[in-house]
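The values are calculated or read from the model by the stated rules, or taken from the named source; none is laboratory data. Note that the coordinates shown come from a computational prediction; the quantities given were computed from them, not determined experimentally. Glycine also receives a Cβ, built like all others from the backbone with ideal geometry; neighbour counts cover every protein chain displayed. Accessible surface areas use protein heavy atoms only, side chains included; no ligands, DNA or RNA. Shrake-Rupley method; radii C 1.70, N 1.55, O 1.52, S 1.80 Å.
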Amino acid sequence: MFDWISIDNVELLIEKYKLLGPWFSVLLTSIEAFLPFLPLFVIVVANAGAYGLFWGFLLSWLATVVGSYLFFLMIRYFGNHRLLQKLKAQKQVKQLIHWVDVRGFTPLFVLLCLPFTPIVVVNTVAGLSHLKKKYYFLTLLISKPVMIFFISYLGSDLRAILSSPMKIVVSCLIIAVIWALGKWIERYLTKRVERDLRNIKSRK
């Protein structure tokens with residue numbers, strides 16, 4: 001497995017991916033919002049490697065925004081379905097929805113900026129909340145570039161990174177730090193949700 005992984009083989013894969021065309025890349029990036037098992041990180045790296053930093057970034061950014069917003073609209077449209085109502089009735093989900101209704105833009109923006117946030121969960125909670133459609137679209141539009149640009153930068157300079165052990169180590173460390181930061185922020189926001197809800201209940 002590791003013997004097969006080389007710069008030439010990775011670039012060959014990216015060239016084959018590029019032959020499928022930009023519309024395939026747009027479709028693949030968009031449906032990741034519906035199929036969370038697809039690795040967005042790998043897809044964005046492939047887009048940047050195939051089409052360069054600017055076009056790869058632009059394609060990934062717009063496609064992931066479209067996919068996430070369509071998923072949000074689907075949840076909003078089918079919000080009264082029995083399965084979604086059962087999900088909405090769960091204590092933790094109910095707390096998150098209430099907190100989004102109270103806090104709105106800020107927590108969603110922070111979560112969407114992070115590359116390892118479970119986007120399906122965020123889109124679902126936003127869809128079940130009372131957040132206005134245009135506000136969520138705007139949140140997606142201005143939060144996604146932060147994450148997408150960083151990943152695209154790595155993908156556009158893949159040969160330089162893979163050919164330098166030090167750059168590989170630094171890149172892995174940055175990714176690990178971002179992942180750890182994301183988990184810390186998620187735990188922090190969860191505590192804030194619980195604290196804010198207790199304060200709201202105490203004022204009633």
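Within region 70-87, residues that are under 20 Å from I31 (Cα atoms) and open to solvent by 70 Å² or more (accessible area, probe 1.4 Å) have Cβ atoms under 8 Å from residues that are polar (S, T, N, Q) and assigned to a helix (DSSP H, G or I) in these pairs: L70/S30, counting only partners at least 6 apart in sequence or on another chain. May I ask you to verify whether V102 is of a type in the set (A, V, I, L, M, F, W, C), closer than 29 Å to I151 by Cβ and surrounded by fewer than 20 Cβ atoms within 10 Å (Cβ to Cβ)? The answer is no for V102. Whenever a residue of region 115-143 is closer than 18 Å to S60 by Cβ, its partners that are of a type in the set (G, A, S), lying with C-beta atoms within less than 7 angstrom and at least six residues away or across chains, give the pairs F116/G182; T117/G182; I119/A33; I119/S68; N123/A33; N123/S68; L140/S68.
Here is a check on your reading of the model: is L112 surrounded by 11 or more Cβ atoms within 10 Å (Cβ to Cβ) and under 27 Å from P39 (Cβ atoms)? Taking the combined requirement at face value, the residue satisfies it.
The residues in region 55-89 that are polar (S, T, N, Q) and touching a Phe, Trp or Tyr at 6+ places or on another chain (Cβ under 8 Å) can be counted, and the count is 0. For the structure I just gave you, tell me whether G127 is in a helix (DSSP H, G or I), surrounded by 16 or more Cβ atoms within 10 Å (Cβ to Cβ) and touching a Lys or Arg at 6+ places or on another chain (Cβ under 6 Å). Taking the combined requirement at face value, the residue satisfies it.
Looking only at region 122-137, decide whether some residue is of a type in the set (S, T, Y) and under 17 Å from L40 (Cα atoms). Within region 122-137, none of the residues are of a type in the set (S, T, Y) and under 17 Å from L40 (Cα atoms).
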